[in-house]
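Worksheet for the structure shown next.
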Amino acid sequence: MRKHFRLFIYTGLVPASLLLAMGTSAAAQGHGDHANMAMDVAAPAATTRTVKWSDASAWPSGKVPAAGEEVTIPRGTEMVLDVSPPALRSITVQGKLTFADERDLDLVTDWIYVSGGEMQIGTETSPFQHNATITLTDTVPGEDINTMGDRGIMLLRGTLNMHGNRTHSWTKLSRTAKAGATSIEVLDASQWRAGDEIVLASTDFNPRQAERRTITRVSGNTISFAEPLEYMHYGEITFGVDERGEVAMLTRNIKVQASEDAAESYFGGHIMAMAGSKAYVDGVELNRMGQHLILARYPMHFHILGDGAGMYIKNASIHDSYSRCVTVHGTDNLKIENNVTYNTVGHCFFMEDGIEHGNEFIRNLAIQTKCHPTLPCVPTNLAANGENNYTYAKRLTVREVSFHGGVTLLPSDNTVASYWITNPDNSYIDNVAAGSD
């Protein structure tokens with residue numbers, strides 16, 4: 001179990017007599033996905049100064065933060081990240097954290113808490129052009145930052161702006177690729193380049209025949225790679241039916257990931273927008289994200305925001321995740337467009353409560369959606385505390401078992417769906433599910 005609870009309280013916002021009750025309420029609600037914050041934070045103050053991270057005089061201590069430090073960017077300050085700092089303990093953003101688009105940047109920290117402030121990596125009109133990588137670590141297990149857990153980018157009345165420079169997420173084969181081939185022909189290879197990682201969807205009944213490769217050369221719409229294909233991938237239109245296999249590009253210039261230990265623990269990173277937050281995510285790669293068997297810890301999570309008009313996640317790549325892909329919970333009118341997912345666990349594009357409406361899911365591609373990181377699906381086991389689930393649970397080495405005693409987050413994850421649709425009052429246009437267990 002995750003034990004520690006960290007509560008940020010701003011004493012100037014409420015009478016002192018209410019602080020204890022508010023803190024107690026937040027702590028009590030911290031164990032379920034329906035938990036919402038009982039407290040509020042102040043609206044962000046106007047920026048009064050802009051400073052560079054590398055400038056020692058910008059910091060109260062007169063020194064640039066060292067490894068392991070807890071960093072706070074106060075209200076009224078825009079901190080421009082112009083260097084790659086040493087691995088930090090945490091970052092709390094009450095003002096604004098902006099990534100300078102001057103060089104490649106790496107930011108390593110346990111978590112980022114955007115509390116009434118903003119984190120910006122590029123904008124919609126000016127996408128980020130260099131490489132930016134955020135790696136979420138887990139040096140102090142058991143934390144719970146205002147009911148949002150840890151190892152995440154967590155927003156409470158905060159704004160997240162991440163805009164990368166890739167918009168071409170996926171295409172199709174233009175001809176069949178034979179087993180043993182070291183090149184493929186696709187309909188459109190624009191924006192793709194040597195060094196990018198791609199995945200070919202399975203065109204067999206076995207979804208595990210999806211194959212990932214690293215591009216060595218692009219010539220027109222011909223893509224080459226070093227390692228030969230193990231399987232045939234069909235690329236024809238047969239009797240008017242388009243059976244051409246999909247090809248997705250996984251690489252983005254903005255990446256959010258958990259550190260490599262998550263591949264063993266299945267305790268990945270997560271992005272969670274709560275209570276008055278705004279999230280605009282475009283052209284971002286999410287890798288080793290989601291926390292297996294833990295509610296509300298998903299790669300991208302819009303959590304009880306109400307009207308989300310204008311917000312979006314698009315042109316993103318979500319791969320090797322441990323709990324879902326994009327979760328829409330109590331949020332309406334979002335746009336989820338042109339995203340690709342691969343090798344993910346649990347219902348992927350997930351509408352949680354059934355009350356969500358007006359959301360647009362457009363031209364997303366989900367490849368190899370799984371029930372569990374390693375175990376097979378048990379499609380006949382839909383009941384809580386089923387015998388098969390219990391047998392599997394005894395063999396697990398993950399941190400904890402879900403609330404119903406099984407090895408999936410919800411019993412329905414045993415019949416995993418790439419698109420879990422709970423309300424017809426949402427739009428689904430040209431989405432593709434290319435293989436699920």
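The values are calculated or read from the model by the stated rules, or taken from the named source; none is laboratory data. Bear in mind that the values here come from a model prediction, so they are computed numbers and not experimental data. Note that we place each Cβ from the backbone using ideal geometry, even for glycine, and neighbour counts take in every protein chain shown. Surface accessibility is based on the protein's heavy atoms, side chains included, excluding ligands, DNA and RNA. Shrake-Rupley method; radii C 1.70, N 1.55, O 1.52, S 1.80 Å.
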Starting from the stretch 419-437, take each residue that is within 20 Å of GLY354 (Cβ to Cβ) and list its partners that are of a type in the set (A, V, I, L, M, F, W, C) and open to solvent by 40 Å² or more (accessible area, probe 1.4 Å), counting only C-beta distances under 8 angstrom and pairs at least six apart or across chains. TYR419/ALA433; ASN423/ILE355; TYR428/ILE421
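Results for (1) modelled with pLDDT under 95; (2) under 14 Å from the mean Cα position of the chain (by Cα); (3) closer than 17 Å to GLY435 by Cβ, shown as yes or no for each residue.
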{"position": "ALA210", "(1), (2), (3)": "no, no, yes"}
{"position": "THR216", "(1), (2), (3)": "no, no, no"}
{"position": "THR222", "(1), (2), (3)": "no, no, no"}
{"position": "GLU243", "(1), (2), (3)": "no, no, yes"}
{"position": "ALA279", "(1), (2), (3)": "no, yes, no"}
Out of the residues in the stretch 329-347 that are in a strand (DSSP E or B) and crowded, with 24+ Cβ neighbours inside 10 Å, state the one that is farthest from the chain's Cα centre (by Cα). THR331
If I go through the stretch 72-108 residue by residue, how many of them are part of a strand (DSSP E or B), touching a residue at least 24 places away in the same chain (Cβ under 8 Å), farther than 17 Å from VAL284 by Cβ and open to solvent by less than 20 Å² (accessible area, probe 1.4 Å)? 5
Quick check on my filter: what residues within the stretch 212-248 are outside any strand (DSSP E or B) and of a type in the set (Ser, Thr, Tyr)? TYR231, TYR234
Which numbered condition trips up PHE128, out of (1) at pLDDT 95 or above; (2) part of a loop (DSSP other than H, G, I, E, B); (3) open to solvent by 30 Å² or more (accessible area, probe 1.4 Å)? (3)
Taking the stretch 304-328, which residues are in contact with an Asp or Glu (Cβ under 8 Å, 6 or more places away or on another chain) and either assigned to a loop (DSSP other than H, G, I, E, B) or modelled with pLDDT under 95 (or both)? GLY308, ALA309, ASN315, ALA316
In the stretch 328-342, the residues that are touching a residue at least 40 places away in the same chain (Cβ under 8 Å) and closer than 21 Å to THR167 by Cα: ASN338, ASN339, VAL340, THR341, TYR342
